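Undergrad: To start, I am sharing the structure in question, which I have written as structure tokens.
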Amino acid sequence: MSLDETVEVVIPLVKTITSLSFRNLNYTVNQKGSKKQLLKNISGTFRSGRLTAIMGPSGAGKSSLLNALSGFKTQGITGRILINNEVVDRLKYRQLVAYNTQDVPLLQNITVQETLHYAADLKLSSNVTRIHKTKIVNDIVALLGLEKCAHNQARVLSGGERKRLSIGLELVSNPKLLFFDEPTSGLDSESSYQVISYLKDLAKQGRCVVSVIHQPSSELLELFDDIYVVADGRCMYQGALEDMIGTLAGAGFECPQYYNRADFAIKVASTVNTDPEKINPLMKQMESISNDQLNGKYRRSNIEISLARA
């Protein structure tokens, strides 16, 4: 179902945030008595209205980046997060963000509508009337295509329906920034396509929607507007999907004809330790682009959320 065609959404359209940028993020954890750096001075920009995929090989730092940007993790993280035209403190920032992890626990013996009503009672102000809460729940059900299973208990839902319900739980509070960690994990190709299609509808509303995606098919990849490729805790590529192969080719990485672009990008990212002399110039180029964007677009506003903690 197309959001633009059939659903009148009560949830206000989000037009206040045009982009989320992060600069020089570092994430270090203690591991068996030693320190391991998961993110290494990584920077980038995610734009509202566009669906962004974070890709990379296993252990590259994809989930670590989401943990840092969502505020889910704070210890060991330094750097800055910038939002367009207003100063936002840490508490306010957390109110703007929803983070959907791979496995969201659901109460098995209550229905989809009951689950969303409980979420509305917990997340919304006591000043919000019951009628308005019901309208919000009904709109979320329609938005995510859950009408047919609205009165089914969570325990009998399919994998795709459970995933969409978990997304609906986050939409109750109308977040401006949405982060998803491998939302297609464990789903078949058709269910995966449906879930990502709904994420794209959310982005079209004006939200900033970012998702870690693991080896998407060519068809699934086409749903994304922008790609952010992580390799060894650094950014290897950021930009529009249609520009990715040309950028990699310019750095000496030629994609074979009919090759899945996602698979090729991950293959290139996997060479970060085996062929650093070839891939490091590409990473420096991406860092330079990030710095130019941030310095040019945000110099005067100086909007930032400091993540550094003493």
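The values are calculated or read from the model by the stated rules, or taken from the named source; none is laboratory data. Fair warning: this is a prediction, and the values are worked out from it, not measured in the lab. Cβ placement follows ideal geometry from the backbone for every residue including glycine, while neighbour counts extend to all protein chains displayed. Note: areas computed on protein heavy atoms with side chains; ligands, DNA, RNA excluded. Shrake-Rupley method; radii C 1.70, N 1.55, O 1.52, S 1.80 Å.
Undergrad: So what is the calculated 222 nm ellipticity per residue for the chain, using -39500 (n - 2.57) for each DSSP H run with n of 4 or more, over all residues, to the nearest 500 deg cm²/dmol?
TA: -12000 deg cm²/dmol
Undergrad: Something else about it: On average over all directions, what projected area in square nanometres does the stretch 112-168 have, based on the convex hull of its Cα atoms?
TA: Hull-based average projected area comes out at 3.6 nm².
Undergrad: Just the number: Rg to Rh for the stretch 23-167, Cα atoms, Kirkwood Rh, two decimals.
TA: Ratio value, two decimals: 1.03.
Undergrad: Next up: Which part of the stretch 246-276 falls in the paramagnetic zone of residue 40, meaning amide N under 14 Å from the point 7 Å along Cα-to-beta-carbon?
TA: Under 14 Å, as judged by backbone N against the label point of residue 40, lie 269-276 of the stretch 246-276.
Undergrad: Per-residue accessible area for residue 103 at 1.4 Å probe radius, Å² rounded to 10?
TA: Roll a 1.4 Å probe over it and residue 103 shows about 120 Å².
Undergrad: Given 32/176; 32/62; 36/204, which pairs have Cα atoms separated by over 26 Å?
TA: As for pairs spanning more than 26 Å Cα to Cα, those are 32/176; 36/204.
Undergrad: Below 8 Å between Cα atoms, with a sequence gap of 6+, how large is the relative contact order for the chain in percent?
TA: Once divided by the residue count of the chain, the mean separation gives 29 percent.
Undergrad: Okay, moving on. Per residue, what accessible area does the chain have, given a 1.4 Å probe and all protein chains present, in Å²?
TA: 48
Undergrad: Something else now. First compute the accessible area of the stretch 27-186 with a 1.4 Å probe, then give the percent of it belonging to carbon and sulfur atoms.
TA: Carbon plus sulfur share of accessible area: 47 percent.
Undergrad: For the stretch 142-299, what is the convex hull volume of its Cα atoms per residue in Å³?
TA: 137
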